[in-house]
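J.: To start, I am sharing the structure in question, which I have written as structure tokens.
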Ligand code: URA
């Protein structure tokens, strides 16, 4: 579909550069260009790719997907009162984007690893639906040595978690040594991996998500992120 032109002030405010009233100041300061010419009027109709801010192309339009290496200690929430947020790792103006960026599912504060964020509501809905079974691989460190029956219990599709009405879908345990494993699950229940190990009498002391579907972290360091090209989404 051919992208349609929108008002310059609407475009810039939706990307979080400034409110519609603040854009008048940016125009006076000559910080915005359209096809290389200094923009003069807030109501000029433009295409996203025609506009530059401070000599740089604009941030991606809505519909973006971000792959982040979430560090331990950051929270998947919009509420500032709760501590350091994963959104603090992104450019400050992205907090003002409309539509808003949200995490696709959550990782606990104490879990690190691959986290996706998007402002695409339909994608968010599809990927967080209980019917969506994309495989997710977690690396877990355990407090106590494995007993030996955990792999069979997790694979059985009968493991009930406290307070849940249906058993966990079959999950695949790979043993690295007696306190280090990887676990592949296809659901996203609350604290699922920690609760699965609690259900077999163990305790997870460190947890890291290494992949989601075909996506991996590659060489992203904790706290780093990249914008996924369209052909790389989940
Ligand atoms: N399972 C957990 O226990 N925590 C996470 O963050 C993700 C899966």
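Read the figures in this text as sums done on the coordinates, not as results from a lab. Since this is a predicted model, take the numbers as computed values, not measurements. Ideal geometry is used to build each Cβ from the backbone, glycine not excepted, and the neighbour counts take in all protein chains shown.
J.: How do 230, 150 rank when sorted from fewest to most other Cβ atoms within 10 Å of their own Cβ?
T.: Least to most surrounded, the residues fall as 230, 150.
J.: Counting pairwise Cα distances across segment 136-212, what percent come out greater than 15 angstrom?
T.: Value for segment 136-212: 48 percent of Cα pairs lie more than 15 Å apart.
J.: Points 7 angstrom from Cα along the Cβ direction at residue 96 and residue 230: gap in nanometres?
T.: 2.8 nm
J.: Still on this structure, please answer the following. With r as the distance between the Cβ atoms of residue 125 and residue 174 and R0 = 30 Å, compute the FRET efficiency 1/(1 + (r/R0)^6) and round to 0.05.
T.: Approximately 0.45, to the nearest 0.05.
J.: Using only the alpha carbons of segment 6-57, what is the convex hull's orientation-averaged projected area in square nanometres?
T.: Here the figure is 2.9 nm², rounded to one decimal.
J.: Let me ask another. Out of 109, 40, 165, any idea which swings most in a Gaussian network model of the chain, alpha carbons joined below 10 Å?
T.: Looking only at 109, 40, 165, the largest GNM fluctuation is found for 165.
J.: Please report 96, 160 as a ranked list, fewest other C-beta atoms within 10 angstrom at the top and most at the bottom.
T.: So the ranking, lowest neighbour count to highest, is 160, 96.
J.: Using alpha carbons only, how many angstrom separate the centre of segment 56-80 from the centre of segment 93-157?
T.: 15 Å
J.: Suppose only helical runs count, i.e. DSSP H with n ≥ 4. What mean residue ellipticity at 222 nm does that imply for the chain under -39500 (n - 2.57) per run, divided by all residues and rounded to the nearest 500 deg cm²/dmol?
T.: -4000 deg cm²/dmol
J.: With labels modelled as points extended 7 Å from the Cα through the Cβ direction, what inter-label distance (nm, one decimal) is found for residue 6 paired with residue 80?
T.: 2.5 nm
J.: Between residue 132 and residue 19, what is the FRET efficiency for a Förster distance of 30 Å, r being their Cβ-Cβ separation, to the nearest 0.05?
T.: Once the sixth-power term is evaluated, E becomes 0.25.
J.: Quick one: length gained pulling residue 88 to residue 147 fully straight, 0.36 nm per residue minus the C-alpha distance?
T.: 17.2 nm
J.: Sort 147, 136, 56 by Cβ crowding within 10 Å, fewest neighbours at the top.
T.: Going from least to most buried by this count: 56, 147, 136.
J.: Using only the alpha-carbon atoms of the chain as identical scatterers, what base-10 log of I(q)/I(0) does the Debye formula give at q = 0.11, 0.12, 0.16 Å⁻¹?
T.: Each listed q maps to, in turn, -0.66, -0.75, -1.11.
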